[in-house]
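Enquirer: Handing you this structure, nothing more for now.
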Amino acid sequence: MTNPNMETSPTMVGGRRVQFEMFFTLPDFSDISLRDYQETMQRPFFSLSKKKRLKPIEYVSPDKQVTVHVSANPEYGMATIWDADIMIYLASHLNELRERGENDLSPTIRLQPGDLLKRICWGVSGRAYERLIGALDRLQATTIKTNIRANSKTRETTFSWIDSYTHLVDERTQRSLGMEITLSKWFFDGVMDRRNVLAISPLYFEITSGLGKWLYRASRKHAGGNGAEGFTIGFETLHQKSGSESSLPSFKNKILELARANTLPEISLEVIGAETPRPKLKMVMRRYLEGHQELAPRNRSRLPSPARSPTSTRSPAPVNQTPKQPAEVVAQEIVDPSLTRKLVQRVISGFKVVEPQPSSDPHDLSYAAAAASTPKRRGGRAHEVLDPETYTAIKAECPGWDLDVLIKQFDAFLNSNPGEMPRNYSKRFYGFMKKHHERNKYNLPGF
């Protein structure tokens, strides 16, 4: 049966006719398990600052076996650790397709921008979309040269994170119809090897510090398989592996702050020898500290059964009574909570809550009410968000309105309608304001 809301007519993009039906038949990836690419997790591949970085990263491992060189494009700057959120999503997307049994996997991934933005917790406002475009530009323009995964015939490989991306927009309505992102061969081949991907916490996307995001990834890679012993590393080595532009003393202070707060998801941090000239950082997965370690299958099969133990002198329990077990055996046979949660998520994933369709009119009163209940936030003022020329034009042509309030109403509409994300946020808001002023100007005092 054909979906009546499905876009099936061809549209002109870059001088060619494109059929967009495929972008409305994508499977649901809203709850995919997150996977990160191991070989990028504990070495300096990204800038740790939101400030534009042009200084190259030069890394040589202590044993001189691994080299990483990252150079930035003067126009866009170097890809940041926040831009890496997109690469994590794309790696997770590929892994999910493989888990679902897809055979012909391609480095070109088709997706809806709104799905990606929601999963990596960037929001789905027009500004979030513009942030996505900026990130994709940096990922495509940053150049990496490394000998990781080099074989006997190649000494180094040079690549960008993505080879290209295409944003498909309906020229008439300015609605986003989807994206095509083509990964570099180096990254795609790495993710296709199951041994190269690690599960990470969804809370990773809520880490706000650039160094904190890098430290989580490095800790997950280093300490993930080391049990309660974790992994210990010197601050100087950590500084080199991070590629941070901060001086070593400043870097040490930031690590000490992160360890003192100790709020990274899944990872517990402990500083050893904080007052010494060469302090070290110990990283341990919290599940091991909390006694949640899952017993190895071969050991679980050898657990003594109180009912069958030859040393047991108790009579068999009545049929309708469960025999009591020693506390230590009960503790060992408890199911790992993470496995239980995953099972529950899979079971309930088939249940869909049918919610009322949001209004497609940005002037709907429901969006005005949502804006009124939204608290003020830093960086959300109209003059900070809009292009200066657009802001001046709106003030001149639509006088008398509180643009800070109306921009929240406009964002409430975009948040409820991800498919309406504009290619140019300022231009779309300008159109919104002209219509709003035309409809409501008679309500202004003194008009």
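The values are calculated or read from the model by the stated rules, or taken from the named source; none is laboratory data. Keep in mind the model is a prediction, meaning the values are calculated, not measured. Neighbour counts are summed over all protein chains in view; Cβ atoms, including those assigned to glycine, are modelled from backbone coordinates with ideal geometry. Accessible surface is based on the protein model in full, side chains and every heavy atom, while ligands, DNA and RNA are left aside. Shrake-Rupley method; radii C 1.70, N 1.55, O 1.52, S 1.80 Å.
Enquirer: Can you give me the number of residues within region 59-104 that are closer than 19 Å to T158 by Cα and polar (S, T, N, Q)?
Expert: 6
Enquirer: Then there is this: Of all residues in region 58-94, how many are surrounded by 21 or more Cβ atoms within 10 Å (Cβ to Cβ) and in a loop (DSSP other than H, G, I, E, B)?
Expert: Final tally of qualifying residues: 5.
Enquirer: Ok, one more. Within region 128-164, how many residues turn out to be touching a helix residue (DSSP H, G or I) at 6+ places or on another chain (Cβ under 7 Å), hydroxyl-bearing (S, T, Y) and either within 23 Å of I57 (Cβ to Cβ) or in a loop (DSSP other than H, G, I, E, B) (or both)?
Expert: 2
Enquirer: So the check is Cβ under 6 Å with 6+ separation or different chains; which pairs have a first residue in region 131-150 that's over 21 Å from Y425 (Cβ atoms) and a second one that's part of a helix (DSSP H, G or I) and acidic (D, E)?
Expert: Every condition considered, the pairs that remain are I148/E39.
Enquirer: In addition: Just need a number here: residues in region 100-116 that are in contact (Cβ under 8 Å) with a residue 12 or more places away in the chain and either in contact with a Ser or Thr (Cβ under 9 Å, 6 or more places away or on another chain) or charged (D, E, K, R) (or both).
Expert: Qualifying residue count for the region: 9.
Enquirer: Scan region 397-418 for residues that are of a type in the set (K, R) and either in contact (Cβ under 8 Å) with a residue 60 or more places away in the chain or assigned to a loop (DSSP other than H, G, I, E, B) (or both) and jot them down.
Expert: none
Enquirer: I'd like to verify a number: residues in region 113-132 that are more than 15 Å from the chain's Cα centre (by Cα) and open to solvent by 30 Å² or more (accessible area, probe 1.4 Å), how many? Outline the logic, then answer.
Expert: First, pick out the residues of region 113-132 that are more than 15 Å from the chain's Cα centre (by Cα): 125-127, 130.
Filter again for open to solvent by 30 Å² or more (accessible area, probe 1.4 Å), leaving 127, 130.
Total satisfying the criteria: 2.
Enquirer: State whether one or more residues within region 190-197 are among the acidic types (D, E) and either closer than 19 Å to D85 by Cα or under 20 Å from the mean Cα position of the chain (by Cα) (or both).
Expert: Here is the first cut: in region 190-197, the residues among the acidic types (D, E) are 193.
Imposing the further condition that a residue be either closer than 19 Å to D85 by Cα or under 20 Å from the mean Cα position of the chain (by Cα) (or both) reduces the set to none.
Within region 190-197, none of the residues are among the acidic types (D, E) and either closer than 19 Å to D85 by Cα or under 20 Å from the mean Cα position of the chain (by Cα) (or both).
Enquirer: Continuing with this model, one more query. If you take the residues in region 394-414 that are out of contact with any helix residue (DSSP H, G or I) (no Cβ under 8 Å at 6 or more places or on another chain) and not hydrophobic (A, V, I, L, M, F, W, C), which one is most open to solvent (accessible area, probe 1.4 Å)? If you could, list the steps in order and put the result at the bottom.
Expert: Within region 394-414, the subset out of contact with any helix residue (DSSP H, G or I) (no Cβ under 8 Å at 6 or more places or on another chain) is 396, 399, 402.
After this cut, where a residue has to be not hydrophobic (A, V, I, L, M, F, W, C) as well, the list is 399, 402.
Values: P399: 68, D402: 85 Å².
So the residue we want is D402.
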